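Beneath this line is the structure, given in structure tokens, with notes to follow.
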Amino acid sequence: MNRGRGSGLSTLVFLLPLLLVFGVFSWIPILRAVVMSFQETNLVTPATFVGLQNFKDVLADPLLWTAVKNTLYFALLALLFGYPVPLIAAVLMSEVRRFKGLYSALAYLPVVIPPVVAVLLWKFFYDAGPNGVFNTILGAVGIGPVSWLQDSGSAMPALVIEATWAAAGGTVIIYLAALTGVTTDLYEAAEIDRASIWRKIWHVTLPQLRGVLLITFILQIVGTSQVFLEPFLFTGGGPANSTITILLLIYDYAFANSLGGEYGAATALSIMLAVALGILSAVYFRLTRSWSRS
Amino acid sequence: MKLTPIALVVALTASLTACSGSDDKAAVPDGPVTLTVARDPGLDKGAIAAFDARVAQFEKDNPKIDVVPQEYNWTATTFTAQLAGGTLPDVFTVPFTDGRGLIERKQIADISGLVSALPYATKFSENVAKAGKAEDGKMWAVPIAAYGQALHYNRTLFKQAGLDPDKPPTTWDEVRADAKQIADKTGKAGYAELTTDNTGGWILTTLDYAFGGRTEKLDGDTATAQLDTPEMTSVLQLLKDMRWSDNSMGANFLYDWAGINQAFASGQIGMYVSGGGNYGSLVTQNALKPVDYGVATIPLASNDQAGALGGGTLATVSAKANDGVKAAAVKWIDYFYMKKLADKDAAVLDAKTVAASKQPVGAPQLPVFDKATYDESLGWVKEYVNVPLDQMKPYTDKMFDQPLVTEPVRSTQEVYKLLDPVVQSVLTNKDADIAKLLKNANAEAQTLLDRK
């Protein structure tokens, strides 16, 4: 008992600098943002409190609903493409015996490429002219030319494809790590029962991965709700607002008007998004906990 | 996963507030003053040495002022952060469109008293001076350069398409016909249009002016949006026809300023509209081959309201400057930006320095003062001019005859921004409904204008 209390105190002493740094750089800005969401300020002249006006302004902005719709669309497409792709890749890679390390490295490589470089590269691939890289390839099999980023219909799927390519490697590594935790006894038992490879995946692999799958699912939703880089660098929200997302809208509130824009509105929208994602996560974890109990 | 952007915005905005709000009025006019001044980023060694030499000269004349150069370049997004964070140099430059707003919100220092004491204070061209003046007519920001929008074209593509590069189009019908011919014969975009980062609205407004329209009407304090007009409709219809009927605008419709300059300099674009003084950045930042370059005045519709949109650059002083810094800042503005426009020795020294570092000298600009002063200053630096003036004749022969119209005054950048998706829609959606787009944009613009 004594030993426990003593180590608790010394733990606290060691922890203190970290907590301090964490508090100052992580939590004070968030608190400032909460305060700012109730203010009107250009950050040069003194701020004035405006109550809920920023929230009202943001909610009245017709562009908000476009942004919400686009973000949900991105999240949906990213779930369709981006969620299964790393899982399939990881399961396949765990099955191969030779060059396993090489495959993991290849899968992980896009994650190492700086995002801005990746976007510039893909911009080049997505050139909408008949001489663009993808269009040349598609042209060889008689398809296209596709407008890629230059059309409201194809711009968002094009962003999702690049985002999936860029992010999948990280998730593959998580799945691969989780797959090593699956006990081989279960596979052996399944083999004795003459289960096919698909039955093994369905009845052994996936149930064993359930915990990781649930976590990556919510991370995927949280991540895609905050998509910013791709629309910002590829299309600037265009064409015709078809790729403007919530984060891009926040950025635009704060910075698009060179005279120092609506920092209040930007923080108000940030906070609404954070709260929405917080609630979503809480509900999700509550639901999944009750599932795992039953 | 990507949790960073939201945290970034939150943290950035929060950290920015931490250093704002000080309103230092302690005046030290006689003591030593340290003055930070803007210097273009990315200068080569020779240009930096020349800059330093000019700083040394200034310090010799003003022994109590210590000048510290700081790299600075106006771009809409970084400027906002720097302004809010208080990290701008004491003397910095902004485009004409930002002048009135900065003055109204008192985000820059009131230097009107010091400016009015300058010898050329009354000589500014009225159109140009307006951009730096407050409502009451006092000049808070000094106009240092002006431009009028022009039609830039690629002479090589003109030749390849069987067009005469010395006879660029003078009407919009000719622009359309030439663009089609270029696209048909060369496979390149005959005409391209800026569409993102507020530049879509900027160029759309330029074309609207050229057709005789205006985007806002001011009546005392009330501003009325005028986007839903026959002129604007004609402009968008022209773009729609060039894009969808003629297929003469290429495949890229998400150009920002840097992107379109790059594409033009690399020979992908036959014609585009941008500031008449663009030659410098096309050469020094985008490796334009001078032989390709041609520029003409922007075609104006036969309508007595039609005019070329004009803009320019203002030198301003940080709102945080005390009286001593303000006085030093105005001295610097006078010395560094203005004297070369009005004083022979300063003009020659500047041209010599710029030419020595292989930067273009003599690209056409609009006069900040009257035309006589401008012509005289051109004579001073004649021997240093290193740009293909003959190829610029379609512009320089007529630039002074065109009526110049200043950019909209109220919520300029915000209205430009809401016009971006309008022009993007027309260029990327074959079934875009121009009437509906303009009706919506007009309503949105009016909301913005009513708020002020």
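What residue, of A:123, A:69, is open to solvent by 70 Å² or more (accessible area, probe 1.4 Å), of a type in the set (D, E, K, R) and in contact with a helix residue (DSSP H, G or I) (Cβ under 8 Å, 6 or more places away or on another chain)? Before the answer, list the steps.
Numbers: A:69 fails: in contact with a helix residue (DSSP H, G or I) (Cβ under 8 Å, 6 or more places away or on another chain).
Result of the check over A:123, A:69: A:123.
Checked against (1) in contact with a helix residue (DSSP H, G or I) (Cβ under 8 Å, 6 or more places away or on another chain); (2) at the interface with another protein chain (Cβ under 8 Å from one of its Cβ atoms); (3) closer than 20 Å to residue B:104 by Cβ, residue A:45 passes all but condition (1).
Within the range B:357-412, count every residue that is open to solvent by 60 Å² or more (accessible area, probe 1.4 Å), in a helix (DSSP H, G or I) and either over 26 Å from residue B:123 (Cα atoms) or touching a His at 6+ places or on another chain (Cβ under 9 Å) (or both). Result for the range B:357-412: 4.
Please determine whether any residue of the range B:56-63 is open to solvent by less than 20 Å² (accessible area, probe 1.4 Å), away from chain A (no Cβ under 14 Å), over 23 Å from the mean Cα position of the chain (by Cα) and not hydroxyl-bearing (Ser, Thr, Tyr).
Of all residues in the range B:56-63, those open to solvent by less than 20 Å² (accessible area, probe 1.4 Å) come to B:58.
When the remaining residues are screened for being away from chain A (no Cβ under 14 Å), the result is B:58.
Then drop every residue that is not over 23 Å from the mean Cα position of the chain (by Cα), which leaves B:58.
If we keep only those that are not hydroxyl-bearing (Ser, Thr, Tyr) as well, we get B:58.
Yes, because at least one residue in the range B:56-63 is open to solvent by less than 20 Å² (accessible area, probe 1.4 Å), away from chain A (no Cβ under 14 Å), over 23 Å from the mean Cα position of the chain (by Cα) and not hydroxyl-bearing (Ser, Thr, Tyr).
The set of residues in the range A:220-260 that are open to solvent by less than 20 Å² (accessible area, probe 1.4 Å), within 29 Å of residue B:104 (Cα to Cα) and assigned to a helix (DSSP H, G or I) comprises A:248, A:249, A:250, A:254, A:255, A:256. Check B:366, B:427, B:404 and return the single one that is in contact with a Phe, Trp or Tyr (Cβ under 7 Å, 6 or more places away or on another chain), more than 14 Å from chain A (Cβ to nearest Cβ) and in contact (Cβ under 8 Å) with a residue 40 or more places away in the chain. Unique residue meeting the criteria: B:366.
For the range A:148-205, a tally of residues being of a type in the set (Asp, Glu) and touching a residue at least 12 places away in the same chain (Cβ under 8 Å) returns 2.
To keep it simple, each residue is scored yes or no on (1) more than 18 Å from residue B:229 (Cβ to Cβ); (2) out of contact with any helix residue (DSSP H, G or I) (no Cβ under 8 Å at 6 or more places or on another chain).
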position	(1), (2)
B:371	yes, yes
B:394	yes, yes
B:397	yes, yes
B:433	no, yes
B:437	no, no
B:443	no, yes
B:446	no, yes
B:451	yes, yes
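Applying the set (1) open to solvent by less than 40 Å² (accessible area, probe 1.4 Å); (2) farther than 29 Å from residue A:278 by Cβ; (3) within 14 Å of another protein chain (Cβ to nearest Cβ) to residue A:176 leaves exactly one unmet item: (3).
Condition first: open to solvent by 50 Å² or more (accessible area, probe 1.4 Å) and among the small types (Gly, Ala, Ser). Can you find one or more residues in the range A:74-93 that meet it? Scanning the range A:74-93, I find no residue that is open to solvent by 50 Å² or more (accessible area, probe 1.4 Å) and among the small types (Gly, Ala, Ser), so the answer is no. For the range A:221-239, a residue qualifies if it is at the interface with chain B (Cβ under 7 Å from one of its Cβ atoms) and more than 23 Å from residue A:124 (Cβ to Cβ), and the qualifying residues are A:222, A:223, A:226. Somewhere in the range B:105-124, is a residue modelled with pLDDT of 90 or more and closer than 25 Å to residue B:415 by Cα? Yes, the range B:105-124 contains at least one residue that is modelled with pLDDT of 90 or more and closer than 25 Å to residue B:415 by Cα.
Summed over the range A:231-256, the residues that are closer than 15 Å to residue A:76 by Cβ and of a type outside the set (Ser, Thr, Tyr) give a count of 1.
Among the residues of the range A:199-209, at least one is under 22 Å from the mean Cα position of the chain (by Cα), open to solvent by less than 50 Å² (accessible area, probe 1.4 Å) and either hydrophobic (A, V, I, L, M, F, W, C) or at the interface with another protein chain (Cβ under 8 Å from one of its Cβ atoms) (or both). Taken over the range B:245-292, the residue count meeting the criterion of being over 22 Å from residue B:355 (Cβ atoms), hydroxyl-bearing (Ser, Thr, Tyr) and open to solvent by less than 20 Å² (accessible area, probe 1.4 Å) is 3. All conditions but one from (1) open to solvent by 10 Å² or more (accessible area, probe 1.4 Å); (2) within 25 Å of residue A:241 (Cβ to Cβ) apply to residue B:191; the one that does not is (1).
Out of the residues in the range B:197-224 meeting the condition of being hydrophobic (A, V, I, L, M, F, W, C) and open to solvent by 10 Å² or more (accessible area, probe 1.4 Å), tell me which one is farthest from the chain's Cα centre (by Cα). The qualifying residue farthest from the chain's Cα centre (by Cα) is B:218. A residue that is more than 26 Å from residue A:256 (Cβ to Cβ), surrounded by 13 or more Cβ atoms within 10 Å (Cβ to Cβ), hydroxyl-bearing (Ser, Thr, Tyr) and at pLDDT 90 or above occurs nowhere in the range B:80-93. Among residues of the range B:219-247 that are at negative phi, those with a Cβ under 7 angstrom from a residue that is of a type in the set (Lys, Arg) and open to solvent by less than 50 Å² (accessible area, probe 1.4 Å), sequence gap 6+ or separate chain, pair up as B:223/B:410. Summed over the range B:109-143, residues that are part of a strand (DSSP E or B) and open to solvent by 30 Å² or more (accessible area, probe 1.4 Å) total 1.
Summed over the range A:50-60, residues that are surrounded by fewer than 18 Cβ atoms within 10 Å (Cβ to Cβ) and within 11 Å of chain B (Cβ to nearest Cβ) total 1.
Taking the listed residues A:119, A:112, the one that is of a type in the set (Val, Ile, Thr), within 28 Å of the chain's Cα centre (by Cα) and either within 17 Å of residue A:237 (Cβ to Cβ) or within 12 Å of chain B (Cβ to nearest Cβ) (or both) is A:119, with no other qualifying. Take the conditions (1) away from chain B (no Cβ under 13 Å); (2) among the hydroxyl-bearing types (Ser, Thr, Tyr); (3) open to solvent by less than 50 Å² (accessible area, probe 1.4 Å); residue A:147 misses just one of them, which is (1).
Kindly indicate whether residue A:163 is under 20 Å from residue A:216 (Cβ atoms), at pLDDT below 90 and open to solvent by less than 80 Å² (accessible area, probe 1.4 Å).
Working: under 20 Å from residue A:216 (Cβ atoms): yes; at pLDDT below 90: no; open to solvent by less than 80 Å² (accessible area, probe 1.4 Å): yes.
For residue A:163, the condition - under 20 Å from residue A:216 (Cβ atoms), at pLDDT below 90 and open to solvent by less than 80 Å² (accessible area, probe 1.4 Å) - is not met.
Within the range A:10-29, the only residue that satisfies the criterion of being at the interface with chain B (Cβ under 10 Å from one of its Cβ atoms) and more than 27 Å from residue B:320 (Cα to Cα) is A:26. Restricting B:350, B:370, B:343 to residues that are within 30 Å of residue B:402 (Cβ to Cβ), of a type in the set (Asp, Glu) and within 21 Å of the chain's Cα centre (by Cα) narrows the list to B:370.
Filtering the range A:95-128 to residues that are touching a residue at least 12 places away in the same chain (Cβ under 8 Å) and either among the hydroxyl-bearing types (Ser, Thr, Tyr) or in contact with a strand residue (DSSP E or B) (Cβ under 9 Å, 6 or more places away or on another chain) (or both) leaves A:104, A:108, A:126.
The values are calculated or read from the model by the stated rules, or taken from the named source; none is laboratory data. All figures in this text were calculated on a predicted structure; none of them were measured in a lab. Counting neighbours? That spans all protein chains shown, and the Cβs are built from the backbone with ideal geometry, glycine included. When the accessible area is computed, the model is the full protein with side chains, heavy atoms only, and any ligands, DNA or RNA have been set aside. Shrake-Rupley method; radii C 1.70, N 1.55, O 1.52, S 1.80 Å.
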